[in-house]
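The values are calculated or read from the model by the stated rules, or taken from the named source; none is laboratory data. Values in this document were obtained by computation on a predicted structure and should not be read as measured data. Neighbour counts run over all protein chains shown; Cβ positions are idealised from the backbone, glycine included. What goes into the accessible areas is simple: the full protein's heavy atoms, side chains included, and nothing from ligands, DNA or RNA. Shrake-Rupley method; radii C 1.70, N 1.55, O 1.52, S 1.80 Å.
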Amino acid sequence: MFRPVDYALFFVVVGLTVVVAFLGSRWRAADLSRISEWGIGGRRFGAFIVWFLMGADIYTAYSLISIPGAAFSTGGFILYAVAYGSISYPFLYIVATKLYRISRRRGYITAGDYVRDRFDSEVLSLLISLTGIIAMLPYIALQVVGIRYVLEAMGFPVLPSFIIAYLLVAAFVAVSGLRGPALASLVKDAILWAVIITVVVYLGVKFSGFGPIFAEVGPSHYLISGNLMVGYMTLALASGISWLLFPNLLTGLLSSRSEDVIRRNSVFLPLYQVWLVFLAIMGLVALAKGLVPSKVSSLAFPSVLYAYFNSTFTALAFAGIVIGSMVPAALQSLGAANLVTRNIYLQFINRGASEPQQVLWGRVSVFILIAASLAFALTPAASGLIFYLLTFAYAWLLQTLPAIIISMYWYSLDKYSVAVGWAAGTAVTTYGLFTVRFSSSLLPWMYDVYAGFLGLAVNLAVMLAVHGVVRISGVRVTSRLRTEELE
């Protein structure tokens with residue numbers, strides 16, 4: 001039972017984070033009427049800020065609620081999240097620095113900006129941007145749904161709490177741009193590091209290590225069953241190579257002041273992966289000790305907190321989970337708003353828009369995207385195992401791999417091949433998710449392969465076939481980028 005002092009602590013932490021986020025508008029006297037300042041922080045963040053910013057962006061309610069919940073219900077399968085991180089960081093070290101270099105040189109703010117110039121095609125840029133915008137909806141919805149059980153445990157009305165929390169998110173992003181969530185990420189991660197270290201050390205001592213927990217749940221739960229190995233491997237590989245395709249992550253990377261900032265963070269950001277391992281163990285603790293009688297997997301971590309810690313610490317941890325949802329949602333809505341502004345509004349609605357007009361449109365877009373995500377969070381697709389919501393986003397974004405990443409290395413790649421491949425891959429991915437009623441992203445009718453991986457395989461096969469036709473037929477292809485500008 002929470003006491004008045006616990007509620008006071010909860011509101012102080014959440015309120016402090018929101019105030020800090022609003023104060024971001026005054027940080028370094030930024031001119032927030034310029035889209036590069038509002039949207040990507042003027043490309044001026046150093047390694048320290050980018051480390052916290054990217055940490056807040058990557059390690060979200062998904063880590064705090066979904067990882068323990070999935071470990072509780074599916075066991076070791078959820079460790080694909082640890083495996084794909086080991087793929088993603090070397091990928092970022094090499095690939096992200098190249099995209100950053102091209103974007104800084106040409107003044108790009110979104111991946112859509114790059115695709116437009118790389119292929120001399122505003123239509124292809126629109127398709128890639130729409131993919132990014134749509135993929136953000138389940139990802140933001142995951143943040144919304146992730147705090148539902150915390151709000152219920154504290155006795156708050158869920159729907160009004162959702163609306164108030166995410167209107168605040170939209171408001172501080174609109175006012176402060178990227179600087180708001182960047183500053184708020186310092187508060188968010190300081191609290192969560194403190195909470196997770198305390199929980200792990202306290203329970204590790206209490207149980208004399210976590211070996212007894214593994215013994216209680218048994219290897220049949222924490223080892224991955226043979227019939228899921230195809231799904232595990234394809235999900236880990238596909239997720240690992242698609243990080244850079246997330247609009248919110250690209251926004252964070254482009255805020256760096258140099259390539260060296262990205263390289264240093266590719267080395268030190270994996271420290272956050274330790275969270276995932278210990279949070280997965282918390283799911284096993286909840287299972288071994290029977291802490292979730294209702295069998296609602298998303299209650300695993302909140303149940304551990306509730307069972308072993310006093311109400312004041314639990315209130316602090318719950319506040320950390322709530323801001324661990326709000327700050328990432330801010331970054332995700334900003335990344336999608338940048339796409340709306342640059343690759344829909346500026347390209348198709350008002351080509352002569354001034355920078356203040358672009359910023360205004362971006363601010364309006366943040367509210368629209370937050371509202372759409374709240375609506376998505378109320379759909380049946382958001383009511384199952386919520387870690388699958390993130391895999392939906394990965395599956396669709398993976399289809400933009402040829403347009404954004406492969407095109408940086410394959411100079412003769414043309415827009416027709418990429419567009420047709422994208423259409424085929426997106427269709428197969430969406431059909432696959434439809435066949436399992438959006439309750440999973442593994443396809444039982446195809447050896448449990450990950451839907452996004454199957455889509456990418458079809459995407460690449462179609463792209464190669466069409467490229468062959470384009471080359472043989474001698475169709476003229478153009479690019480606004482010279483070959484040396486892709487170096």
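Data table
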| item | result |
| --- | --- |
| Along the chain, longest interval not containing exposed trypsin sites (Lys or Arg not before Pro), exposed being DSSP loop plus at most 10 other Cβ atoms within 10 Å | 1-294 |
| Binned Cα-Cα distances of segment 338-487, short to long, each 10 Å bin given as a whole percent | 10, 26, 31, 25, 7, 0 |
| Area projected by the alpha carbon convex hull of segment 50-111, averaged over all directions, nm² | 5.2 |
| MRE, 222 nm, helices only [DSSP H, n ≥ 4, -39500 (n - 2.57), over the chain, to nearest 500] | -22000 deg cm²/dmol |
| Pair-distance profile P(r), taking every C-alpha pair of segment 400-465, with 10 angstrom steps and integer % | 24, 45, 24, 7 |
| Debye log10 I(q)/I(0) for segment 101-260, one point scatterer per Cα, at q = 0.10, 0.12, 0.15, 0.20 Å⁻¹ | -0.65, -0.91, -1.22, -1.36 |
| Viscosity 1.002 mPa s, 20 °C: Kirkwood-radius Stokes-Einstein D of segment 309-368 over Cα pairs, µm²/s | 160 |
| Residues residue 202 and residue 351, FRET efficiency given R0 of 60 Å [Cβ-Cβ distance, rounded to 0.05] | 0.55 |
| Positive-end residue, the chain charge dipole about Cα centroid, Cβ charges, pick of 373, 294, 308 | 373 |
| Hits among lysines - C-alpha to C-alpha of residue 289 under 23 Å, sequence gap 8 or more where chains match | 206 |
| C-alpha center-to-center spacing [segment 304-331, segment 444-486] in angstrom | 43 |
| Mean separation of Cα contacts under 8 Å, 6 or more apart, over the residue count of segment 290-385: relative contact order % | 23 |
| The chain, accessible area per residue, ligands and nucleic acids excluded (1.4 Å, Å²) | 36 |
| Helical segments meeting 20 Å axial Cα length and Kyte-Doolittle 1.6 threshold in the chain (DSSP H) | 4-23, 122-146, 158-176, 273-288, 451-473 |
| Base-10 log of normalised Debye intensity for the chain (one unit scatterer per alpha-carbon) at q = 0.09, 0.10, 0.11 Å⁻¹ | -0.58, -0.72, -0.87 |
| About the Cα centre, charge dipole magnitude for segment 391-487 (Lys/Arg +1, Asp/Glu -1 at Cβ), debye | 260 |
| Proximal lysines to residue 98, defined as alpha-carbon separation beneath 28 angstrom and excluding residues fewer than eight positions away on the same chain | 415 |
| Charge dipole (debye, nearest 20) of segment 56-175; +1 at Cβ of Lys and Arg, -1 at Cβ of Asp and Glu | 400 |
| Share of Cα-Cα pairs in segment 124-217 lying beyond 16 Å, as whole percent | 75 |
| Segment 1-122: proportion of alpha-carbon pairs further apart than 22 angstrom, % | 59 |
| Contour excess over end-to-end distance, with Cα ends at residue 312 and residue 152 and 0.36 nm allotted per residue | 55.9 nm |
| Gain in span if fully extended, residue 22 to residue 104, counting 0.36 nm per residue against the direct Cα distance | 26.8 nm |
| Ratio of Rg to Rh over segment 193-241 (Cα coordinates, Kirkwood Rh, two decimals) | 1.16 |
| Unit charges on C-beta of K, R, D, E only; dipole of the chain, Debye | 680 |
| Heavy-atom accessible surface of the chain: percent carbon and sulfur, 1.4 Å | 69 |
